[in-house]
1. Viscosity 1.002 mPa s, temperature 20 °C: what is the translational diffusion coefficient of the stretch 14-247 from Stokes-Einstein with a Kirkwood Rh over Cα pairs, rounded to a whole number of µm²/s?
2. How many angstrom separate the Cα center of the stretch 27-46 from the Cα center of the stretch 104-167?
3. If you stretched the chain out fully between Arg121 and Arg251, how much longer would it get, using 0.36 nm times the residue separation minus the C-alpha to C-alpha distance?
4. Would you mind calculating the gained length between Ser73 and Glu161 on full extension (0.36 nm times residue separation, minus the Cα-Cα distance), in nm to one decimal?
5. Fewest first, what order do Leu89, Leu198 take by the number of other Cβ atoms within 10 Å?
6. Could you sort the peptides 177-187, 60-70 by per-residue average Cβ neighbour count (10 Å cutoff), highest mean leading?
7. Which order, highest average first, do 98-110, 277-289, 40-52 follow once you tally other Cβ atoms within 10 Å for each residue and take the mean per peptide?
8. Mind ranking 189-195, 162-168 by how tightly packed they are, going by the mean number of other C-beta atoms within 10 angstrom, highest first?
Amino acid sequence: MIDLRSDTKTQPSRGMREAMANAEVGDEQRREDPTVNELERRVAELLGQEEAVYVPTATMANEIALRTLAEPSDELIAEENAHLFLSELGGPAVHAGLMTRPIRGQAGRFGPDEVQRMIRRGDDTHTPRTRVVAIENTHNASGGRVWPLEEIQALVAACRELELSAHLDGARVLNAAVASGVPAAAIAGQFDTVTLCLSKGLGCPLGALVAGSHELMKRARRFKHQFGGAMRQAGIVAAAGVYALDHNVERLADDHVRARRLAEGLHAAGVPVDLEQVETNFVQVNVGALDLEASDALARLAQEEVGFSATAHPGVLRAVTHLDIDDDDIEQAIERVPRALGVLARA
Ligand SMILES: Cc1ncc(COP(=O)(O)O)c(C=O)c1O
């Protein structure tokens, strides 16, 4: 099976497993785990933040960040297809008691004007007060799109002016950094809090970090404990993260090249792919334009042993490249996908 369902599908490599087996560990809850401490130090530096806190998942990192930045009854603004709206089971409401206000974006992005328009100052009795603006970079539901740096700067500047906190769901911010050539610190360092996921393009079995100032991370560590995310000898998995920082960051460019090759090969074969959209490791295929239901198209692809997945958009599937996909897999997929979707038969 050529598994392009998600970049979460990677298996830990041999080198990563060796690093895990040899990790020095301690009681992470007491901050005595040297490997976790090293990972947190390195990620804080990478993201241009003072401190980073290791947690099991990016979902938990996002939820802790929101809980850290706001109080129940405050309001969160984010793009309508943001992961934290679509795929965290109402977590911002459940864990932080937040009122959620979605913005309709373009390719997952929105600007200061939309925030100005949506913001509510609150009053003593009826109206929630907007506290947090969250953005996602790269933006999953729009197909791994990258926010241009100037747009981020303008948005964060507006948040500062309006006294709003800014959170970056940077689960894939390293894809954004590698694709745009902008250092991750220049992107992530602007935000009050940032999530980084280790179990996507970086190839770890689990793990994520939430980063921010010392003051905010002190609060975040309390919520991490309350959420049940404070661990014991977690260095055994944090070692995978340290290994990934050494070996799997720059190579994200390979995933991007392969996604582009896949997109161009499929497009040339007549498969409806929007080439403009391919900026990182995602390729979106509009099977609706072939009069196929997404579920039917997925079943046909599975028969050809190719794994794609559904997206938030009806009739649109995605293929995601990652560490366990090589050039040969891409060439195979370029042959199998048009066949599976009946595209050659139509030509
Ligand atoms: C943008 C984004 N943020 C957060 C997450 C959450 O990651 P996890 O499911 O590993 O908690 C995902 C997962 O797909 C994601 O794409």
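1. Working: Rh = 17.7 Å.
Estimated diffusion coefficient is 121 µm²/s.
2. Spelled out, the Cα-based centre of one part sits 30 Å from the other.
3. Details: separation 130, 0.36 × 130 = 46.80 nm, distance 4.45 nm.
Gain in length upon complete extension: 42.4 nm.
4. Values: separation 88, 0.36 × 88 = 31.68 nm, distance 2.17 nm.
Length difference between fully extended and current span is 29.5 nm.
5. On the way: Leu89 10, Leu198 29.
Ascending number of Cβ neighbours within 10 Å: Leu89, Leu198.
6. Details: 177-187: 18.2, 60-70: 26.7.
Descending mean neighbour count gives 60-70, 177-187.
7. Highest to lowest by the protection proxy: 277-289, 40-52, 98-110.
8. On the way: 189-195: 25.4, 162-168: 21.3.
The peptides rank, most packed first, as 189-195, 162-168.
Where a number appears in this text, it was derived from the coordinates with a stated rule and is not lab data. This structure is a prediction, so every number in the text was calculated from the model and none was measured. As a convention, Cβ positions derive from the backbone with ideal geometry for all residues, glycine included, and neighbour counts pool all protein chains shown.
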